[in-house]
Amino acid sequence: MPQPASKLPLGADLRALAIAGVAGQSLSAGRRPLIRGVADDRVQALLAAAGFDGTFVAEASAPAATPGDDEFADLLALLREELALPDESGNCLCHAIATAAMGENHLWQDMGLPDRGALSELVRANFPGLAARNIGDMKWKKFFYRQLCERAGVPICKAPHCAECCDRALCFGPEEG
Ligand code: SF4
């Protein structure tokens with residue numbers, strides 16, 4: 001029986017920490033593949049290379065996820081465009097964030113990160129262009145969705161400017177547990 005990444009090695013790279021966090025959340029919830037669009041054995045290999053010694057893969061590698069009817073593919077495309085270093089772990093990180101963003105909780109929670117600050121640091125380090133555009137420190141999941149709507153030319157916001165919007169607390173409020 002594989003175990004979730006409950007004990008993360010000290011000094012682990014934040015990118016690997018995030019991938020491990022999403023994989024651990026999926027493992028706990030019994031979801032496969034652990035990260036949508038990435039075979040479980042690749043996740044395992046990336047984490048092993050980053051110094052994680054837990055076992056995530058119970059049997060053979062899982063098939064890549066098939067496209068769903070949610071925003072996963074659009075968000076993945078946005079993240080991949082904005083990724084500063086497009087190597088395999090960066091690509092896996094994009095899949096991991098898009099996977100977690102389909103969850104119900106705050107994004108940092110569904111990524112298994114310790115707090116929102118860690119998620120902000122992760123985005124700044126790996127998606128600097130996106131981070132620079134989030135000038136008001138909007139909640140990250142809200143911000144990503146707003147980016148998708150802007151790209152598609154779909155107005156979802158109730159006001160042209162956040163300062164005048166009745167949903168401001170929803171988009172910018174605190175994100176504690
Ligand atoms: S505060 Fe209002 S205008 Fe700003 S992103 Fe949220 S919904 Fe849109």
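Can you tell me the accessible area per residue over region 14-172, all protein chains present, probe 1.4 angstrom, in square angstrom?
Spelled out: the 1.4 Å probe surface of region 14-172, per residue, equals 49 Å².
In debye, nearest 20, what is the charge dipole magnitude of region 71-177 about its Cα centre with +1 on Lys and Arg Cβ and -1 on Asp and Glu Cβ, if you could check?
I would put it at about 300 debye.
With a 1.4 Å probe and every protein chain kept in, tell me what percent of the accessible surface of region 14-172 is carbon plus sulfur.
53 percent
As a test of understanding, state the convex hull volume per residue of region 14-172 from its alpha carbons, in Å³.
Dividing the Cα hull volume of region 14-172 by its residues yields 113 Å³.
How far apart, in nm, are two points set 7 Å out from the Cα along the Cα-to-Cβ line at R80 and at R124?
For the pair R80/R124, the computed spacing is 2.8 nm.
The values are calculated or read from the model by the stated rules, or taken from the named source; none is laboratory data. From a predicted model like this one, the values you see are computed outputs, not experimental measurements. Backbone-built Cβ (ideal geometry, glycine too); neighbour counts: all protein chains shown. SASA here: full protein model, heavy atoms, side chains in, ligands and nucleic acids out. Shrake-Rupley method; radii C 1.70, N 1.55, O 1.52, S 1.80 Å.
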